[in-house]
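Read the structure below first, then the notes.
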Amino acid sequence: MTQQNIATPEHIEYVLRMGDNALILGQRLSEWCGHAPVLEEDMALANTALDLIGQARLLLTHAGKLEGQGRDEDQLAFLRVERDYRNVTLTELPNEDFGRTVVRNFLFAAFQVLLYQRLATSSDAELAAIAAKSLKEARYHLSHAGEWVIRLGDGTELSHARAQAALDYLWPYTAEFFAANPADDAVAAAGIGPAWASLEPEWEALVVPVLNEATLTVPARTPFRTYGKFGRHSEHMGHLLATMQYMQRTYPGAQW
Amino acid sequence: MTQQNIATPEHIEYVLRMGDNALILGQRLSEWCGHAPVLEEDMALANTALDLIGQARLLLTHAGKLEGQGRDEDQLAFLRVERDYRNVTLTELPNEDFGRTVVRNFLFAAFQVLLYQRLATSSDAELAAIAAKSLKEARYHLSHAGEWVIRLGDGTELSHARAQAALDYLWPYTAEFFAANPADDAVAAAGIGPAWASLEPEWEALVVPVLNEATLTVPARTPFRTYGKFGRHSEHMGHLLATMQYMQRTYPGAQW
Amino acid sequence: ADYQAEFDAKIDAGGFIEAKDWMPEAYRKTLVRQISQHAHSEIVGMLPEGNWITRAPSLKRKAILLAKVQDEGGHGLYLYAAAETLGVSRDELYEALLDGRAKYSSIFNYPTLTWADIGVIGWLVDGAAIMNQIPLCKCSYGPYSRAMVRICKEESFHQRQGYDLLLQMMKGTPEQREMVQDAVNRWWWPSIMMFGPHDKDSQHSETSMRWGIKRISNDDLRQKFVDATVKQAEVLGITLPDPDLKWNEARGHYDFGAIDWEEFWSTVNGHGQCNVDRIAARRKAWEEGAWVREAALEHARKQAAREKVAA
Amino acid sequence: ADYQAEFDAKIDAGGFIEAKDWMPEAYRKTLVRQISQHAHSEIVGMLPEGNWITRAPSLKRKAILLAKVQDEGGHGLYLYAAAETLGVSRDELYEALLDGRAKYSSIFNYPTLTWADIGVIGWLVDGAAIMNQIPLCKCSYGPYSRAMVRICKEESFHQRQGYDLLLQMMKGTPEQREMVQDAVNRWWWPSIMMFGPHDKDSQHSETSMRWGIKRISNDDLRQKFVDATVKQAEVLGITLPDPDLKWNEARGHYDFGAIDWEEFWSTVNGHGQCNVDRIAARRKAWEEGAWVREAALEHARKQAAREKVAA
């Protein structure tokens, strides 16, 4: 890592955001294990969770190196306080039913695909490599979740209603994908990664046709805003962390 | 406390069991807050939880004094590992629906009423005093939950089915109330409290008439056994502790 | 017209209107709206605090919080009862909350993110509520006024407990102090907004004043709250997140910065962080509890039938 | 009768029976029962391990556990597919599980209480499963035998990972070592019981042997398992909870204590700690997923109809 000693706080934060997105959504999806509507989806959800945890490991390890304070993936994953997590709020929301789960996976994977694509030209070579490796996974998640969005949206009356309700609920949270604070400009300027807002048109272009095919109504944008990526989370986050951090908090310093 | 320096491990364990029962059921009931079927029951469940947490404070404080190692109520409540909690498994089971919640409260309160009555003559004066103070609360919990058992059992077809299902599910866990290990004999011999098994006939005499009035079928005893009071819990306990201990584990040593 | 004159005279004399008294339809409507909104606020307000009961960091604090949330349920009950004296049923009112026709205090659409939020809600949110509610103890409608007397007493107890919680944390570790400051940063402005729009923009204020339902204006109450709170913040050792906050010798009050009314209205209109979740939680509890309420009714019917046979 | 002779000859020659081949009805029934029971065990077995995924203490271990549980789902799929070659549908088999007609391995009715249980399940439970399953790789029914080859490969990988997890914990703090010992104490006897009743009490064994479905007896497999495991326990540095366990020079095997068959049968017959919860969890997932399965079917119907119109 040549950047090790010259990484700016914004750079570290940018990588942490990606790592925490993967970590927290991976954690949520792993709750499904053994409880999905069909065995194939039990496996598919576990597989998506596994991919995301894998990405989180690479990204958090990289963030730890950039930070240069000796924190490894586990210290970052398990031993921060809530305010220091940088995932978008969408990823921490409870799974609720299978409909909300696949709609979320779809909306998020579309964002991740675009982000990972753009990171191919990142000035952070390690980040570019991680993104290249992860892009294939994100594409698979997108297509798998997209198929389910279509099946549910264009399925029965009930499944249509549930898919639409899930979309209505989740849509306002996606505004956060594209929100930035002034520090983020520095990241874009340094060529580390795209400005968040620049992804929005492509994201809509990726997402809307599938929602149309699913016969779902794309909700209008509202003033609703969330701030998980800036460290201000929802009430759900603390409960997720209580579970996720339990072992590390209870047995400090132990190796597993 | 005259017993302070002469308390046997069995004596401490006996008090811990009572304290942990109150603590863990109080914790479970507090999950209902804001989610009950009617406002009056929201308040009644919170009130029961409050009584139980109050009892837990007295009992755990007393256990800490008997132990003589300087552990206060909070250290005992929040900083033990799962294996060291001594509550009966019934108290840690998830709430599920209102039916399971009130049937559990009923079965447990009946046990508590009888135990607290007998403790009036405990050789441990402090324990006798706590029991005397708590008996009134337990009696109220018993009558309140009993009324609901009757309402649900002798209500609609649906409520009858749910109350019966709750009873069928919970009944096998009540065998643990009356189980003892050899160490418990010493407690009874020392006049600290009743032998657990000695409460069983009275408990059935208290519980069965209400179940009859509720038109519920009393399940047969089966070989099913649980061992929470000996420190071997169910899979539910770890999740409850992850939540309950979160703050104390995350901020070790802080005062609140 | 005679009735109206009698009513006006009673109001002017500072007397109480009782349930059995004649009252103008608009007065009744205003009261139903306000009392039920207040009741709903107590009920919805159980949720953000309830969120921390299972994680309370000591048994003493857990007990205090449980008792507090239980009190809020109790306040809801008194208030629904007061509203029922005006000829509407609790279930009717509650359904209006669940389907979004009725409002509740927007403050409860903010999330409780740390344990310090519990203290800050007690200190600032209950503090602001008390400011709003003390004048209501002299409100012209008797049943409402009497409910408020009882509620205010409990609320001020809650406020002291919240403040005490924060004092304890401020004596603690740097992390604890940081947590308090962070909570204050998030709750200060929403608390200030609890007094509603500026007097010049306030829709219902004038008639409410005339009817003796409202006794002090939004801006006056807000000023009173700010003045009282600044000193408490100093004792705590936290900074209120308003660079424009400073003593104005001439006015004899604290000046404070401009309120972000866009955020206020956005939250009132359903776009706050928790609007959807709060109502969803309440609706879920109501729907999942339907079978229990039906069972209770059916059992009562059966009992009544049996007693009739026995008689 | 000709068919029967041909079948017998093939079995005697150690050949494979395939789905299209004639087979005695009892042979088919036995296979359906055994394969589906095995498939159900994989599916139910996802639950006790799944219980710890969200609390896994490191990301590496979380990933390993996720992958493992996913593999178990995969094993379930291969096995249901093998059973389907015998003319029953997966949904039929699965419904028999959900309504209690079909059994699954009783080992999954024990709870996973600590993180060490995850390691011990890998080491002892998967270890015992492998002992049971290796002979099945040469089972007379082709589809079953081929599924088992694949499964055994993955299972032995899981076993090594479980053992590795324990090795790591045993290198750790005293609390970690205690946790491992505690888990071994709880899982040792149930693992031993996984080989089923003693040969003399085994209901189905004799015909299964004759048909080449079963190749080694319960007691022989159990002995093999004990012999292999004692050494691994020594390397780990834990004590197996059996005071009667000792090397018998004359037999060339380890002797071990009497098995508590009462507990075994009590658990098989529904009174283990988790029987009710396991099936309830599976039933809940199935029922709550019904609308999803219906939606997929309905969408497929719509698609087919559209394609027909287009064609």
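The values are calculated or read from the model by the stated rules, or taken from the named source; none is laboratory data. What you see is a predicted model; the values in this text were computed from it and never measured. Note that each Cβ is placed from the backbone with ideal geometry, even for glycine, and that neighbours are counted across all protein chains shown. Only protein heavy atoms, including side chains, enter the accessible area calculation; ligands, DNA and RNA are left aside. Shrake-Rupley method; radii C 1.70, N 1.55, O 1.52, S 1.80 Å.
Being within 14 Å of chain B (Cβ to nearest Cβ) and of a type in the set (Phe, Trp, Tyr) is the requirement here; does C:Trp247 meet it?
No; evaluated as a whole, the condition is false for this residue.
Among (1) in a helix (DSSP H, G or I); (2) away from every other protein chain (no Cβ under 14 Å); (3) in contact (Cβ under 8 Å) with a residue 24 or more places away in the chain, which single condition is C:Lys103 missing?
Of the numbered conditions (1) in a helix (DSSP H, G or I); (2) away from every other protein chain (no Cβ under 14 Å); (3) in contact (Cβ under 8 Å) with a residue 24 or more places away in the chain, the odd one out for C:Lys103 is (1).
Taking C:Ile238 as the residue in question, decide whether it is within 19 Å of the chain's Cα centre (by Cα) and not in a helix (DSSP H, G or I).
Against the criterion (within 19 Å of the chain's Cα centre (by Cα) and not in a helix (DSSP H, G or I)), C:Ile238 does not qualify.
What are the residue pairs meeting all of these: first residue in the range A:125-145, first residue over 19 Å from A:Phe108 (Cβ atoms), second residue modelled with pLDDT of 95 or more and of a type in the set (Gly, Ala, Ser), Cβ atoms under 6 Å, and 6 or more apart or on different chains?
A:Ala128/A:Ser122
Is it fair to say D:Ile64 is touching a residue at least 12 places away in the same chain (Cβ under 8 Å), within 11 Å of chain A (Cβ to nearest Cβ) and in contact with a Ser or Thr (Cβ under 6 Å, 6 or more places away or on another chain)?
For D:Ile64, the condition - touching a residue at least 12 places away in the same chain (Cβ under 8 Å), within 11 Å of chain A (Cβ to nearest Cβ) and in contact with a Ser or Thr (Cβ under 6 Å, 6 or more places away or on another chain) - is not met.
What residue, of D:Ser58, D:Ser89, is without any contact (Cβ under 8 Å) to a residue 12 or more places away in the chain and over 23 Å from D:Leu236 (Cβ atoms)?
None of the other options fit; the residue is D:Ser89.
Suppose we filter D:Leu77, D:Leu31 for residues that are of a type in the set (A, V, I, L, M) and in contact (Cβ under 8 Å) with a residue 60 or more places away in the chain; which single one remains?
That would be D:Leu31, the only listed residue that is of a type in the set (A, V, I, L, M) and in contact (Cβ under 8 Å) with a residue 60 or more places away in the chain.
Could you tell me which numbered condition D:Trp291 fails, if it satisfies all but one of (1) under 21 Å from the mean Cα position of the chain (by Cα); (2) open to solvent by less than 90 Å² (accessible area, probe 1.4 Å)?
For D:Trp291, the failing item is (1).
Inside the range A:143-163, can you point out the residues that are open to solvent by 30 Å² or more (accessible area, probe 1.4 Å) and assigned to a helix (DSSP H, G or I)?
A:Ser143, A:His144, A:Glu147, A:Arg151, A:Glu157, A:Leu158, A:His160, A:Ala161, A:Arg162 - these are the residues of the range A:143-163 that are open to solvent by 30 Å² or more (accessible area, probe 1.4 Å) and assigned to a helix (DSSP H, G or I).
Answer with yes or no whether C:Gly100 is modelled with pLDDT under 95 and farther than 29 Å from A:Ala242 by Cβ.
Here the answer is yes, as C:Gly100 does meet what is asked.
Rundown of residues vs (1) more than 13 Å from chain D (Cβ to nearest Cβ); (2) acidic (Asp, Glu); (3) closer than 30 Å to B:Met244 by Cα, yes/no style:
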{"residue": "A:Tyr169", "(1), (2), (3)": "yes, no, yes"}
{"residue": "A:Phe177", "(1), (2), (3)": "yes, no, no"}
{"residue": "A:Ile192", "(1), (2), (3)": "yes, no, no"}
{"residue": "A:Val208", "(1), (2), (3)": "yes, no, no"}
{"residue": "A:Thr215", "(1), (2), (3)": "no, no, no"}
{"residue": "A:Arg221", "(1), (2), (3)": "yes, no, no"}
{"residue": "A:Lys229", "(1), (2), (3)": "yes, no, yes"}
{"residue": "A:Met237", "(1), (2), (3)": "yes, no, yes"}
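Please tell me if A:Glu147 is within 14 Å of another protein chain (Cβ to nearest Cβ) and closer than 30 Å to B:Arg249 by Cα.
Spelling it out, it is not the case that A:Glu147 is within 14 Å of another protein chain (Cβ to nearest Cβ) and closer than 30 Å to B:Arg249 by Cα.
In the range A:180-213, which residues are surrounded by 18 or more Cβ atoms within 10 Å (Cβ to Cβ) and over 23 Å from A:Leu16 (Cβ atoms)?
A:Leu206, A:Val207, A:Val210, A:Leu211
Would you call D:Trp247 at pLDDT 95 or above, surrounded by 18 or more Cβ atoms within 10 Å (Cβ to Cβ) and not in a loop (DSSP other than H, G, I, E, B)?
Here the answer is no, as D:Trp247 does not meet what is asked.
For residues that are more than 30 Å from C:Ala102 (Cα to Cα) and either more than 7 Å from every other protein chain (Cβ to nearest Cβ) or not in a helix (DSSP H, G or I) (or both), tally how many sit in the range C:276-308.
8
May I ask you to say which residue of C:Ala82, C:Ala67 is among the aliphatic types (A, V, I, L, M), part of a helix (DSSP H, G or I) and within 19 Å of B:Glu41 (Cα to Cα)?
C:Ala67
Provide a single number: the residues in the range D:1-57 that are part of a helix (DSSP H, G or I) and farther than 30 Å from A:His35 by Cβ.
Residues in the range D:1-57 being part of a helix (DSSP H, G or I) and farther than 30 Å from A:His35 by Cβ: 17 in total.
Across the range C:15-62, what is the number of residues that are open to solvent by 20 Å² or more (accessible area, probe 1.4 Å), hydrophobic (A, V, I, L, M, F, W, C) and within 14 Å of the chain's Cα centre (by Cα)?
0
For a quick check of your reading: which helices (runs of 4 or more DSSP H) sit entirely within the range B:166-256 and have at least 3 residues that are over 28 Å from D:Asn275 (Cβ atoms) and not charged (D, E, K, R)?
In the range B:166-256, B:182-189, B:200-213, B:246-250 are the helices (runs of 4 or more DSSP H) which contain 3 or more residues that are over 28 Å from D:Asn275 (Cβ atoms) and not charged (D, E, K, R).
If you take the residues in the range C:254-270 that are farther than 15 Å from C:Arg186 by Cα and open to solvent by 70 Å² or more (accessible area, probe 1.4 Å), which one is farthest from the other protein chains (Cβ to nearest Cβ)?
C:Ala258
C:Thr112 is checked against (1) among the hydroxyl-bearing types (Ser, Thr, Tyr); (2) surrounded by 20 or more Cβ atoms within 10 Å (Cβ to Cβ); (3) more than 14 Å from chain B (Cβ to nearest Cβ) and fails just one. What number does that condition carry?
Of the numbered conditions (1) among the hydroxyl-bearing types (Ser, Thr, Tyr); (2) surrounded by 20 or more Cβ atoms within 10 Å (Cβ to Cβ); (3) more than 14 Å from chain B (Cβ to nearest Cβ), the odd one out for C:Thr112 is (3).
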